[in-house]
Structure formats: structure tokens, C-alpha cells
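Take a look at the structure below.
The values are calculated or read from the model by the stated rules, or taken from the named source; none is laboratory data. As the structure is a prediction and not an experimental result, all values here were calculated from the model. So basically every Cβ, Gly included, is an ideal-geometry build from the backbone, and we count neighbours across all protein chains shown.
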Amino acid sequence: MNPVPALELGAVTVRWHLRAAPVLRGVSFSLAPGERAALLGLNGSGKTSLLLAAVGVAPFEGTIRVAGTAVGPDTVEQVRRRVGFLFHPPEDQLLLPRAVDDVALALRRRGDSPREARRRAAQLLAELGLAEVDGRPLAELSHGQKQRVALAGALAAGPPLLLLDEPSAGLDPPGRRHLARLLEALPAATLIATHDLEFAARVCRRFLLLHDGILFHDGPDPQPVLSLWGEDAQAGAGRHAGPRR
Amino acid sequence: MRTPYRLPHRLAALWRELWGCGRGPAMQLSPQARLAAGGMALAACLLPPPAGVGIGVAVTAAAGWAAACGPPAKVLVLPLAGAVAGLLPVAVLAGVGVGWDAGMGAALGVATELALRGAAAAVVAVATAATVTPAELEAGLAALGVPRPVAALLLQILHQTGVLLEEVGRVGIALTVRSGGRGGVRLAAALPEVWLPRLLGRAERVAVAMQVRGVGEAELAGGPQSPWRRRDTLALLPLGVLVVLAAALRWGG
């Protein structure tokens, strides 16, 4: 018997306003537990809208299921508890003045005591190489540090599904490598919306390409993306186009 | 060299330093007692009539509470100066409004009252903020029975105020650099048109993040709680006396 997909979209159309043109049109795919996929597309192709629809923020037609639960008004809170979400830019999701408190938010939502939540949050920040920033005001952190704090907040409660919007944006090369290693080690199903093809090729074994709101390509081969995006993308992805597991 | 647009940066830094920077005896109280005491000090400043004993009560409440909280002078001075500077035109306008009918003495009285009350309220607010870290503020609000979503919203407003101040500083620097010393006024005039949609966009994205991350959900555990202790009650007594005195002066004839 096949396991329940971590994320399943069936003919999903997203339009932000009633009379607006749809930003996503009839998109269908599913993500198996533990699978990592890159959601690629140029600016305005609908990547962020797809992620937001999956957590019930963007209005959609069709069906979206997270770990078997259909996303709808009655289930949206339950669904959101199962999802770790990284927003872009990260500043928008940092909601408490200190890193350790912000990361602890997800743990407190899960029901951990405040003391335990802070302890675990500090531990997670240390694992992400952020031990020195846990008590510092977020305003004093660099963009890369904020990105990692936001990621820690998304990972903290150990959700089975991660939806990451541009996780490598603004990170320096060592930061990207560190993030890639971290994501590779996680057991959660992960959908990474990005146009950083080099990063995607390093972390993912499946490539979904959105073009003008339509799922243009879905497969293990990034070649159609390379064709559509041109030489720059080929140069970036080529560095990680070796054999995959 | 003087950095352009220093004020927003300075305000942002002060805003970050403000929370929990107090060193006075009020820091020994539970967070909820500090918040309650701040509320009482504010009431004692705003209630009494602006004459004689009334002024004495307001000044005693503001100065006494500020001394008990012990915020560093630099934290107290800038907001106080800002409050006076911001309130002065309002006070003068209100005074002039009264002055047409009642003579300049009454006009001066109204202006002075507004300025004094505003300054006292600013001192009390800053002193109270200096007694609590954000976590203590959250715990104190929960202990005082403030509904969780309201407390979450309040904390978010305070957090985003700091973020906003930082951003004002960054935009100010961008204006300076891009105008190259010329056309600054034109760029500054365009600021609301550029700035407001940007603010609205950010507010919308933060609201989405709050939804997705579950901020304000009723089942969230509160912050670390401190029990109400005897010394909390004892500390509130003098402020209670001042509030009663202020109310008696206001309504007791």
C-alpha cells in the first residue's frame, strides 16, 4: 500500500481576487513522505501562491491535502501545525524580538512548556550555528542570520512537511552549503520554491517547473528548466548534475 | 562626520534597549504588579485637576514611579523631549482655541496642562516599559487576564514598531544617497506615496505569517508566570492612595 502523500494537489487553481486572472491553473502533483522537490519558476510564475495555498492562505479551487487532510476552513489550523513554512523575505515571519523566543513559538504552539520550548529553541539555534545570536535582538542580525533563525522556527516542531520560499536567497556560499547539508539530513518532505537552480540541483531529486501558472515540467531531470532559462541556469546546475541517489 | 538621518537609528536603538533596562526596586515585583503599578501611576497623572494639590499628585506619581523603575537617563530623556515637542503645538493650538473666549491666562493654563500631562504620561509609559522584557510583558498581560489574542497583537505592535524605526532609518539613508544632496525635498515629498504601499504590503505579509505560525491561538501556553506576592500588594498601596486622592480631587468637589 502506498503511504499517504505528505502533500497532494489536485487541479489547483489560485486566483487572489474574484475577477483577477489565475496565478496558478490546474496544477496537480503529489509529494511523498520524505521526498524533496524543487518548485522552480521565474518571478511571478506562481511559486509563492502555491505554497500559500497549501497552508490555506491563498484562495484556491481544486483539492489540496496535507498528510491526507484536505485543506479547508475547518482543518486549516490542523494543517498549519503539520507544516514548517519559511517566508520570503524572512523578516516578515520573525515575530518576536529575540531569536530564541521566536524559534520557541513553534514549540509552544505544539504544547511544550515555555521553559522547555526555550531550551529546545536554544539547542536548535546552536545546531544551526547560531548559538551566539540566541539572546540578541533580531534587528542586530545579518540577513543570512535572520534567514537561518526563520528556518529554525520552521524546523523547530519537527513538522512532516516543509514549504520553503527562497531558502537560499541572500545566503553566502558557505551558508548555502550548510543549508543544503541540513535539508538533506532532514526526514521531512520538502518543497523548495526557488530560482536558484544550483541550490535546487544540490538538494532535490525532483524538479517541478511552473511557467505562467501552469505546471510545465515534473521529473528528475532539470533539462527542461535549463532549456527554458538558458545558459546561466545551465552553468549553475551543471555543477551538481552528477549521479543522484 | 555626522551620519544623516541619525534620529531614526537612535530611536530604533533606544527602542531595543528600553525593554527591561530598569534598575530600580520595582524590578523586584512580579511582571503583572509592574504593569498594574504603571497603569495606576498613569491614572494618578491624568485624573487630578491641573492646579495646586492636583499638580503635586501628578508629579509625585510620575517622578516616584520613574525613580522606582530606574531607567537610564538617556532612555528617559529622548522620548520625553519627543513627547513635549510633539505635544507643544497641540497644547498651543488648544490654548489659542480657549483664548479667544476666555483670555490669555486661561489659554496658557490649558496649554500648560496638556504639556504637563503629556510629559507625565510619557515618563510613566517609558518607566513602565523599562521594567519588563517582552517575555515579562507577555507573562504579565496573561496574569492580568488580558485575552491571549489581544496580548499577542499588542506584542506584535511593539515588535513591529522597532522594525519600522529601523526601516525608516534605512529609507532615510537611501534618500540621502540617491538624492546626492540635491532633490532631497522632492524625494522626501514622494516618501508617503512610496512608503505607505510598502508599509501596507509588509503589514499584510506579517499578518499572513502570524496566521500560519499560529500567533494568538488560544491554546498557546503563556509565558513564564510569576505568582502575585505580598510585596506586590505593598508596593501598589502608595500608588493606590495617589489614585484615590486624584479621583477625589477630580470628582470630590
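Taken as a whole, the stretch A:153-167 holds at least one residue that is closer than 28 Å to B:Ala13 by Cβ and within 14 Å of chain B (Cβ to nearest Cβ). Applying the criterion of being at the interface with chain B (Cβ under 8 Å from one of its Cβ atoms) and over 14 Å from A:Val57 (Cβ atoms) to the residues of the stretch A:73-101, the residue that is surrounded by the most Cβ atoms within 10 Å (Cβ to Cβ) is A:Asp101. Residues in the stretch B:66-74: is at least one part of a helix (DSSP H, G or I), in contact (Cβ under 8 Å) with a residue 40 or more places away in the chain, more than 14 Å from the chain's Cα centre (by Cα) and crowded, with 16+ Cβ neighbours inside 10 Å? Yes, the stretch B:66-74 has at least one match. Every condition in (1) farther than 21 Å from B:Cys45 by Cβ; (2) at pLDDT 85 or above holds for B:Arg148 except the one numbered (2).
The rows are residues; the columns are (1) surrounded by fewer than 22 Cβ atoms within 10 Å (Cβ to Cβ); (2) of a type in the set (Ser, Thr, Tyr); (3) within 13 Å of chain B (Cβ to nearest Cβ); (4) under 12 Å from the mean Cα position of the chain (by Cα).
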site	(1), (2), (3), (4)
A:His143	yes, no, yes, no
A:Gly170	yes, no, no, no
A:Pro173	yes, no, no, no
A:Arg176	yes, no, no, no
A:Ala180	yes, no, no, no
A:Ala189	no, no, no, yes
A:Ala193	no, no, no, yes
A:Leu197	no, no, no, no
A:Ala200	no, no, no, yes
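In a residue-by-residue description of the stretch B:157-172, the property of being surrounded by 12 or more Cβ atoms within 10 Å (Cβ to Cβ), at pLDDT 80 or above, among the small types (Gly, Ala, Ser) and under 17 Å from B:Ala12 (Cα atoms) applies to at least one position. Of the candidates A:Ala53, A:Ala11, the single residue that is among the aliphatic types (A, V, I, L, M), under 22 Å from A:His217 (Cβ atoms) and in a helix (DSSP H, G or I) is A:Ala53.
For the stretch A:103-121, enumerate the residues that are more than 8 Å from chain B (Cβ to nearest Cβ) and surrounded by 21 or more Cβ atoms within 10 Å (Cβ to Cβ). Within the stretch A:103-121, A:Val103, A:Ala104, A:Leu107, A:Arg118, A:Ala121 meet the criteria.
What tally of residues in the stretch A:125-136 results from selecting those that are part of a helix (DSSP H, G or I) and either within 12 Å of chain B (Cβ to nearest Cβ) or surrounded by fewer than 21 Cβ atoms within 10 Å (Cβ to Cβ) (or both)?
Within the stretch A:125-136, residues that are part of a helix (DSSP H, G or I) and either within 12 Å of chain B (Cβ to nearest Cβ) or surrounded by fewer than 21 Cβ atoms within 10 Å (Cβ to Cβ) (or both) number 4.
Taken over the stretch B:75-89, residues that are surrounded by 13 or more Cβ atoms within 10 Å (Cβ to Cβ) and either more than 21 Å from B:Thr128 (Cα to Cα) or of a type in the set (Ser, Thr, Tyr) (or both) amount to 1. A single entry from B:Arg34, B:Arg10 fulfils the requirement of being modelled with pLDDT of 85 or more and either touching a strand residue (DSSP E or B) at 6+ places or on another chain (Cβ under 8 Å) or among the charged types (D, E, K, R) (or both): B:Arg34.
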